[in-house]
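Participant: One structure coming up, written as structure tokens, with questions to follow.
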Amino acid sequence: MKTPFPFSAIVGQTEMKQAMILTAVDPGIGGVLVFGDRGTGKSTAVRALAALLPPIKAVESCPVNASKTSECPDWAELGSKKIVTRPTPVIDLPLGATEDRVVGALDIERALTRGEKAFEPGLLARANRGYLYIDEVNLLEDHIVDLLLDVAQSGENVVEREGLSIRHPARFVLVGSGNPEEGELRPQLLDRFGLSVEVKSPNDVAERVEVIKRRDAFEVDFDAFMAHYGAEDAKVRNTILAARKRLPKVKTPDALLSDCAALCIALGSDGLRGELTLLRTARALAAYQGDKTLTRQHLRDIAPSALSHRLRRDPLDEAGSGARVARIVDEVLE
Amino acid sequence: MSTPSTSWDRAALALRLLCVQGADLTGAVIRMRAGPDRDRVLAQLKPLGMRKIHPTITDDQLFGGLDLAATLSASQVIENKSFFHSKCNALLTMAERCGPDLAAKLAQQLDAGDGHLIVALDEGAEPDEHAPAALVERFALCIDPEGRMPAGWPDMAQNPQPLDPATVTTTVADIETLTTLAAVFGIDSLRAPSLALRVARAHAALHGRTAVSPDDLNAAAELAFPHRATRVPQDPDTAEEPPAPPEDTPDEDGAGDSDSFELPEGDMLVEAVKALLPPDLLAGLVPAGTTRAQTGGGAGQKRKGNRRGRPLPSRPGRLDGRARIDLVATLRAAAPWQPLRRQAVPTSASVPAGTHLHIRPSDIRLKRYQEQSDRLLIFAVDASGSAAMSRLNEAKGAVELLLGQAYAARDHVALIAFRGTEAELLLPPTRSLVQTKRRLASLPGGGGTPLAAGMQQAALLAGQSRAKGLTPTVVMLTDGRANIALDGSANRAAAQADAEKMAGLMTAQNIAALVIDMSNRPQEPLRALSARLNAPYIALPRANAERLTGAVSAALEA
């Protein structure tokens with residue numbers, strides 16, 4: 001596997017980059033959905049994310065990346081119980097992946113050769129404490145979507161099949177990308193994503209030239225390029241780590257809570273997930289920017305990503321829901 | 001600048017580049033039907049040692065997995081090797097049949113950058129039959145030669161020993177040229193200029209140059225851009241105003257400032273690429289930036305059903321009385337578990353050891369088929385006072401006639417009437433002639449023209465029916481004199497504005513439409529509206545039911 005293109009070398013697309021960084025600061029935000037045309041850097045950003053994320057500490061042989069031996073699931077046969085540092089898992093869920101591969105199944109190899117009943121963990125187990133990335137998420141088959149909805153909600157994967165009864169933690173940040181021209185996403189799945197961003201190709205020629213230049217430098221002069229942007233990535237990583245420490249101490253004035261509620265009421269978003277995500281993301285942003293108290297500016301910055309996919313569709317609004325959120329944010333927050 | 005090249009010369013050049021620098025260029029799509037010409041083209045790729053992939057390849061074959069037959073017979077685990085376990089050159093046959101899931105998996109392999117090369121053979125005969133866009137987008141080259149192969153092809157001059165493309169230097173100006181050129185042709189994706197740069201570098205290396213020359217840029221532009229272009233750049237000299245793209249296309253901003261792009265290389269590159277654009281683009285048939293999935297023509301969209309159509313790979317499921325079991329796949333799924341299950345079930349007199357197959361519900365595999373979905377014609381009929389009552393009767397007659405045809409063509413029909421302040425769904429989607437006649441007879445007339453409300457109702461119904469697997473086409477019969485706005489107020493300007501907004505919305509939802517002008521003189525605003533809808537506009541001032549039916553059928557089959 002080639003080293004992915006570095007995250008900090010991605011030109012523009014600030015909203016997408018910000019959304020991804022914030023889920024790294026607070027994984028509880030619940031995932032990012034990236035919608036946009038082809039060739040806008042969606043896949044590049046997700047693959048770059050893996051190299052950017054701070055490493056995690058995990059039991060070496062644990063199939064679900066548990067941090068302590070006591071947290072390893074009981075069905076796992078642990079070999080080495082050493083605690084090792086490993087990169088945050090970013091697991092690809094390919095379209096057309098079978099249910100077996102996603103949730104795990106009976107270990108067919110051991111069943112055949114030794115006649116033993118053992119569980120072979122699937123992608124959900126490997127993604128625990130990390131990221132699960134679905135490219136072309138809008139083309140995912142319905143039965144896999146149903147599975148994901150359930151697991152993303154409960155944070156636990158339960159397998160009851162072929163005589164197995166297995167459960168293991170599956171807490172992951174869901175990252176989806178897709179091209180809206182190819183199909184819509186079911187609202188239930190849409191709602192599970194904490195943030196959604198729309199990406200577009202830059203219209204500015206200078207910016208486009210810069211994208212190609214960096215890509216070219218990455219391919220031709222790999223070492224020098226990585227030396228520079230590797231250091232940039234490290235800076236972002238350190239800021240993420242610092243932000244994680246700061247996050248619990250970010251103060252939230254009561255006035256901002258009512259701002260959140262007022263915003264969501266004005267936008268008519270369904271359920272309370274909107275408010276919760278808005279607040280959580282704004283706090284992550286404050287922590288990332290090094291602020292100690294939440295301000296209206298944080299809400300303003302984050303509202304389009306956190307809320308635009310939770311609105312009911314307005315058939316007469318052509319500007320897109322992002323613009324609608326921005327307009328209402330201006331109205332509510334003066 | 002090189003001499004003008006034929007499409008076969010370019011094909012030869014592309015093939016040569018693939019052979020020399022294949023992995024760097026990630027791949028190519030070859031648009032040719034099977035035949036001796038294509039065989040000779042493919043023969044050029046022989047040095048690459050292509051391995052074939054077919055569109056229904058399973059995950060096991062693609063990514064490796066347990067080889068069941070071998071494992072069972074050898075009683076030890078034997079695994080298939082993954083197709084992509086090492087650097088590989090793959091030939092995807094029948095690429096136009098390749099589904100989005102396989103395309104996504106292959107794209108993922110290309111993105112990983114392990115030096116794989118994929119050549120897709122696209123045999124698509126119909127305009128909407130083509131290799132998946134997600135894949136073609138990632139390929140640098142498109143080989144689409146026209147006409148017969150010239151004698152003596154490929155006529156390639158013997159080149160000096162090619163250099164390593166990594167040693168070829170490019171300047172910022174080269175990058176700017178290719179990026180700007182892509183922008184001029186309305187190519188939004190940034191993969192295009194990036195891939196073109198690789199082509200330029202490979203071309204330079206092929207000719208033994210250590211720096212990219214204008215010739216290389218020219219070749220790169222000719223090979224990488226024409227099939228991606230979404231817009232024809234306008235000559236600044238010709239005073240003729242270009243047909244304005246519909247205002248609601250996503251890249252409106254990009255289209256607006258196309259004049260501000262300045263090419264350092266002058267217009268020669270633009271001309272070179274422009275000469276190679278596909279003819280339907282030149283004819284302005286494809287509006288900038290839009291990729292309409294389908295228009296009203298032909299049969300409905302494909303969808304996955306479970307009873308009829310072309311077979312798809314089976315998948316696990318539960319027998320619910322509607323689906324059909326795939327017996328062979330089910331047995332195959334059950335086979336490896338037999339030793340285990342025999343152990344679990346105690347042998348008894350009624351079940352002697354080793355004579356029974358143990359099949360569990362999880363083994364069940366269901367057959368799946370892909371079928372063409374049924375088409376739904378939604379008639380939105382203007383029943384206002386301005387549309388004369390007689391016209392309404394003609395419309396009613398046309399609906400009945402079309403329904404008769406639709407019955408043969410397995411189309412469904414729905415009827416919406418709008419008058420006064422609102423639109424009403426008079427006839428939900430149906431194929432029943434009797435029901436239609438009864439409902440049509442009760443269609444009242446008179447009142448204002450709430451055009452926007454009618455369109456809204458039609459769009460709503462189209463969306464709902466699409467969710468049910470139908471492929472909707474909206475047929476609007478109106479005189480276009482909208483005078484009732486969506487909120488019910490009698491305001492001509494607001495009504496017109498609302499109608500245009502609804503048109504934009506319907507275009508955004510890719511709803512195919514057809515506008516029939518039934519007023520005595522053709523209405524210009526209605527023609528503009530139909531342009532916004534991307535819909536054919538038919539003026540039928542003195543239409544009777546037969547002519548109306550004929551026009552609709554002709555437009556739908558077009």
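Participant: Quick one: count up the residues across the stretch A:17-42 that are within 14 Å of chain B (Cβ to nearest Cβ) and either assigned to a helix (DSSP H, G or I) or modelled with pLDDT of 90 or more (or both).
Facilitator: Let us first name the residues in the stretch A:17-42 that are within 14 Å of chain B (Cβ to nearest Cβ), namely A:35-42.
Retained after the next criterion (residues that are either assigned to a helix (DSSP H, G or I) or modelled with pLDDT of 90 or more (or both)): A:42.
Total satisfying the criteria: 1.
Participant: Would you say A:Ser61 is of a type in the set (S, T, N, Q), touching a Leu at 6+ places or on another chain (Cβ under 6 Å) and at negative phi? Steps first, answer last, please.
Facilitator: On the way: of a type in the set (S, T, N, Q): yes; touching a Leu at 6+ places or on another chain (Cβ under 6 Å): yes; at negative phi: yes.
Spelling it out, A:Ser61 is indeed of a type in the set (S, T, N, Q), touching a Leu at 6+ places or on another chain (Cβ under 6 Å) and at negative phi.
Participant: Further question: Name the residues in the stretch B:97-120 that are away from chain A (no Cβ under 14 Å) and surrounded by 20 or more Cβ atoms within 10 Å (Cβ to Cβ), would you? Talk me through it step by step, then tell me what you get.
Facilitator: Step one: list which residues in the stretch B:97-120 are away from chain A (no Cβ under 14 Å), which gives B:97, B:117-120.
Those that are away from chain A (no Cβ under 14 Å) and surrounded by 20 or more Cβ atoms within 10 Å (Cβ to Cβ): B:Leu117, B:Ile118, B:Val119, B:Ala120.
Participant: Another question about this same structure. Is it true that B:Glu123 is farther than 22 Å from A:Asp135 by Cβ and at the interface with chain A (Cβ under 10 Å from one of its Cβ atoms)? Before you say what the answer is, go through the steps one by one.
Facilitator: Numbers: farther than 22 Å from A:Asp135 by Cβ: yes; at the interface with chain A (Cβ under 10 Å from one of its Cβ atoms): no.
No, not satisfied.
Participant: While we're on this one: Quickly run through the stretch A:1-56 and pick out the residues that are of a type in the set (Phe, Trp, Tyr) and over 26 Å from A:Gly274 (Cβ atoms). Talk me through it step by step, then tell me what you get.
Facilitator: Kept after step one, since they are of a type in the set (Phe, Trp, Tyr), are these residues of the stretch A:1-56: A:5, A:7, A:35.
The answer is A:Phe5, A:Phe7.
Participant: Here are B:Gly469, B:Gly488: which of them is more than 25 Å from the chain's Cα centre (by Cα), at positive phi and part of a loop (DSSP other than H, G, I, E, B)?
Facilitator: Numbers: B:Gly469 fails: more than 25 Å from the chain's Cα centre (by Cα).
On inspection, the qualifying residue turns out to be B:Gly488.
Participant: So, restricting to helices (runs of 4 or more DSSP H) that lie completely within the stretch A:103-209, which ones have at least 3 residues that are closer than 25 Å to A:Ala45 by Cα and either of a type outside the set (Ser, Thr, Tyr) or modelled with pLDDT of 80 or more (or both)? Write out each step before concluding.
Facilitator: Values: elements: A:108-114, A:123-127, A:142-154, A:187-192.
Correct list: A:123-127, A:142-154, A:187-192.
Participant: Filter the stretch A:1-43 down to residues that are out of contact with any strand residue (DSSP E or B) (no Cβ under 9 Å at 6 or more places or on another chain) and among the polar types (S, T, N, Q), then give me how many there are.
Facilitator: The qualifying residues number 3.
Participant: Shifting gears a bit: Only one of B:Ala490, B:Ala494 is surrounded by fewer than 23 Cβ atoms within 10 Å (Cβ to Cβ) and in contact with an Asp or Glu (Cβ under 9 Å, 6 or more places away or on another chain); which? Break it down stepwise before answering.
Facilitator: Numbers: B:Ala490 fails: in contact with an Asp or Glu (Cβ under 9 Å, 6 or more places away or on another chain).
So the residue among B:Ala490, B:Ala494 that is surrounded by fewer than 23 Cβ atoms within 10 Å (Cβ to Cβ) and in contact with an Asp or Glu (Cβ under 9 Å, 6 or more places away or on another chain) is B:Ala494.
Participant: Now for a different question. Which ones in the stretch A:121-154 are within 30 Å of B:Pro339 (Cβ to Cβ) and more than 11 Å from chain B (Cβ to nearest Cβ)?
Facilitator: A:Pro121, A:Gly122, A:Leu123, A:Leu124, A:Ala125, A:Arg126, A:Leu147
Participant: Return the pairs, sorted by first residue and then second, in which the second residue is of a type in the set (A, V, I, L, M) and buried (at least 23 other Cβ atoms within 10 Å of the Cβ), the first residue lies in the stretch A:290-310 and is more than 22 Å from A:Met16 (Cβ to Cβ), the beta carbons are less than 6 Å apart, and the residues are 6+ apart or on different chains.
Facilitator: Between residues of the stretch A:290-310 that are more than 22 Å from A:Met16 (Cβ to Cβ) and residues that are of a type in the set (A, V, I, L, M) and buried (at least 23 other Cβ atoms within 10 Å of the Cβ), the close pairs are A:Leu294/A:Ala282; A:Leu294/A:Ala286.
Participant: Okay, moving on. Which residue, of A:Ala243, A:Ala262, A:Ala224, is part of a helix (DSSP H, G or I) and out of contact with any helix residue (DSSP H, G or I) (no Cβ under 7 Å at 6 or more places or on another chain)? Write out each step before concluding.
Facilitator: Values: A:Ala243 fails: out of contact with any helix residue (DSSP H, G or I) (no Cβ under 7 Å at 6 or more places or on another chain); A:Ala262 fails: out of contact with any helix residue (DSSP H, G or I) (no Cβ under 7 Å at 6 or more places or on another chain).
Exactly one residue qualifies, and that residue is A:Ala224.
Participant: Where in the stretch A:268-334 are there helices (runs of 4 or more DSSP H), lying fully within it, with 3 or more residues that are of a type in the set (Ser, Thr, Tyr) and at pLDDT 80 or above?
Facilitator: Working: elements: A:273-288, A:296-307, A:321-332.
In the stretch A:268-334, the matching helices (runs of 4 or more DSSP H) lie at A:273-288.
Participant: Give the residues of the stretch A:85-113 that are more than 17 Å from B:Arg360 (Cβ to Cβ) and within 10 Å of chain B (Cβ to nearest Cβ), sorted by residue number.
Facilitator: Listed by number, the residues that qualify are A:Asp92, A:Pro94, A:Leu95, A:Gly96, A:Ala97, A:Arg101, A:Glu109, A:Arg110, A:Thr113.
Participant: Any idea which of (1) over 23 Å from A:Asp26 (Cβ atoms); (2) assigned to a strand (DSSP E or B) is the one A:Thr85 doesn't satisfy?
Facilitator: Going through the list (1) over 23 Å from A:Asp26 (Cβ atoms); (2) assigned to a strand (DSSP E or B), A:Thr85 breaks only (1).
Participant: Something else now. Residues being in contact with a Lys or Arg (Cβ under 9 Å, 6 or more places away or on another chain), part of a loop (DSSP other than H, G, I, E, B), of a type in the set (Ser, Thr, Tyr) and free of Cβ contacts under 8 Å to residues at least 40 places away in the same chain: count how many of those fall in the stretch A:58-82.
Facilitator: 1
The values are calculated or read from the model by the stated rules, or taken from the named source; none is laboratory data. None of the values given here were measured: they were computed from a predicted structure. Counting neighbours? That spans all protein chains shown, and the Cβs are built from the backbone with ideal geometry, glycine included.
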